[in-house]
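Undergrad: Here it is, the structure, as structure tokens.
The values are calculated or read from the model by the stated rules, or taken from the named source; none is laboratory data. It should be emphasised that the depicted structure is a prediction, and the values quoted were computed from it without experimental measurement. Here the Cβ positions follow ideal geometry from the backbone for every residue, glycine too, while neighbour counts run over all protein chains shown. These area figures cover heavy atoms from the full protein model, side chains too; ligands, DNA and RNA do not enter into them. Shrake-Rupley method; radii C 1.70, N 1.55, O 1.52, S 1.80 Å.
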Amino acid sequence: MKKDGIINNTSTDPNKILPMRYLWAREYYKSGVANNWTPEEISMQKDVEQWQSPTALAPLERKLILWNLGFFATAESLTANNIVLAAYAHVTNPECRQYLLRQAFEEAVHTDTFIYCCDSLGLNPDEIYNMYNTIPSIKAKDDFVVGLTTSIMDPAFKPIGIENIQKFLIDLIGFYVIMEGIFFYAGFAMMLALKRQQKMVGIGEQFEYIMRDESLHLAFGCDLINTIKAENPEAWTPAFQAKITELVKQAVVLETAYAYDACPQGLLGINAEQFSNYVEHIADRRLERIDLPKLYFRENPFPWMSQSVDLTKEKNFFETRVTEYQTAGSLTWE
Ligand code: MN
Ligand code: FE
């Protein structure tokens, strides 16, 4: 008889959080709380002035901003839905559930960020919130992740037996590794590149906070995935590992297509090929994190992306904040 683990717990009380078995999950919860922020803390004044100015932003920059707002506005909601409707149902361990509740709140803060951006810039919500239907390279990313998870949305689904544990792992890999870990990162790089040029600095700062949160989400997700693998090694077969690697390869193609599409002529000295190398660099880091071999071996073309996550390096950044940045995950894990 197999000992109960992080999923499929039947013999211990799911409401009894003490004593804890997975202390790392508790650490992620504490780190998430320490990173608390709200979008209204960040002024949109300069952004509004630039957005209303006929000359402050080039037409391609305006398009790129709209596309990234459009992608994230609905991607945050898709991610929140997966936590609450899929992950929470099957991750039965109480300290992991405590973190999932915290993560769900953070996704609500991120959703709030895009409401705040739409309101302050006076954007058309029907345009922004429909981009995951109307912009093919955004739709392709969302359809890819949602397509990986539909089989576990059946209310009768339980992650019991090799095949169903694999389906649940694909759901977690779809959202934590691919959506939050790969599909968010070309957009993060674009918005932070703009901020480095003093363009849309309020939104850029909001993206820095979101990226800090997301780096914890995906680190927790990878620890969760690795724990399920360790407790159910029969599900982590070579054929399944090959399947996951193939999914990551497909995700890299989709994210690269999005980067070229959103930023066709490059941006502010960054060309589309660098975005492509960045996506591949990020994908290798995600693969390594779940013990799969690297595929691309790219240098990080944007070392400033990892510095942005390590917000304590940015003097003054936290002057007005109550909390200091702490993390259970690796500090510069972009
Ligand atoms: Mn988020
Ligand atoms: Fe997230």
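Undergrad: Show that you can apply the helix-only estimate: for the chain, add -39,500 (n - 2.57) for every DSSP H stretch of four or more residues, divide by all residues, and state [θ] at 222 nm to the nearest 500.
TA: Taken over the chain, the calculation gives -19500 deg cm²/dmol.
Undergrad: Contact order normalised by length for the range 38-135, with contacts defined as Cα pairs under 8 Å and 6 or more residues apart; what percent is it?
TA: 45 percent
Undergrad: State the percentage of accessible surface on the range 19-77 attributable to carbon and sulfur atoms; use a 1.4 Å probe and exclude ligands, DNA and RNA.
TA: Ligands and nucleic acids excluded, carbon and sulfur give 56 percent.
Undergrad: Here's a follow-up. If I require 18 Å or longer along the helix axis, counting alpha carbons, and a Kyte-Doolittle average no lower than -1.0, what helices from the chain are left? Use full DSSP H segments.
TA: 59-82, 94-121, 136-149, 201-231, 238-262
Undergrad: Could you work out Rg/(2.2 N^0.38 Å) for the chain, with Rg from alpha carbons only?
TA: Ratio of Rg to 2.2 N^0.38 Å for the chain: 0.98.
Undergrad: In Å³ and rounded to a whole number, note down the convex hull volume per residue for the Cα atoms of the range 30-164.
TA: So the per-residue hull volume is 131 Å³.
Undergrad: Please compute the modelled spin-label separation between Phe105 and Met20, points set 7 Å along Cα→Cβ, answer in nm with one decimal.
TA: Computed distance between label sites Met20 and Phe105 equals 1.5 nm.
Undergrad: Assuming a ≥ b ≥ c are the square roots of the Cα gyration tensor eigenvalues, decide whether the range 181-285 counts as rounded (a/c under 1.5), prolate (otherwise, with a/b larger than b/c) or oblate.
TA: oblate
Undergrad: Using only Cα atoms, locate the centre of the range 180-198 and the centre of the range 9-84, then give the distance between them in Å, rounded to an integer.
TA: Cα centroid of the range 180-198 versus Cα centroid of the range 9-84: 14 Å apart.
Undergrad: Let me ask something additional. What does the accessible area per residue of the chain come to in Å², with a 1.4 Å probe and no ligands, DNA or RNA counted?
TA: 42 Å²
Undergrad: Would you work out the relative contact order for the chain, in percent, from Cα pairs under 8 angstrom that are 6 or more residues apart?
TA: 23 percent
Undergrad: Can I ask one more? Applying 1/(1 + (r/R0)^6) with R0 = 30 Å to the Cβ-Cβ distance of Leu295 and Gln45, what FRET efficiency is obtained, to the nearest 0.05?
TA: Plugging the Cβ-Cβ distance into 1/(1 + (r/R0)^6) gives 0.10.
Undergrad: Rounding to the nearest 20 debye, state how big the charge dipole of the range 44-324 is about its Cα centre with +1 on each Lys and Arg Cβ and -1 on each Asp and Glu Cβ.
TA: Result for the range 44-324 is approximately 360 debye, rounded to the nearest 20.
Undergrad: I would also like to ask the following. Compare the Cα positions of Phe114, Ile270, Pro59 along the charge dipole of the chain (+1 at Cβ of Lys, Arg; -1 at Cβ of Asp, Glu; about the Cα centre) and return the one farthest towards the positive end.
TA: Going by the charge dipole, the pick is Ile270.
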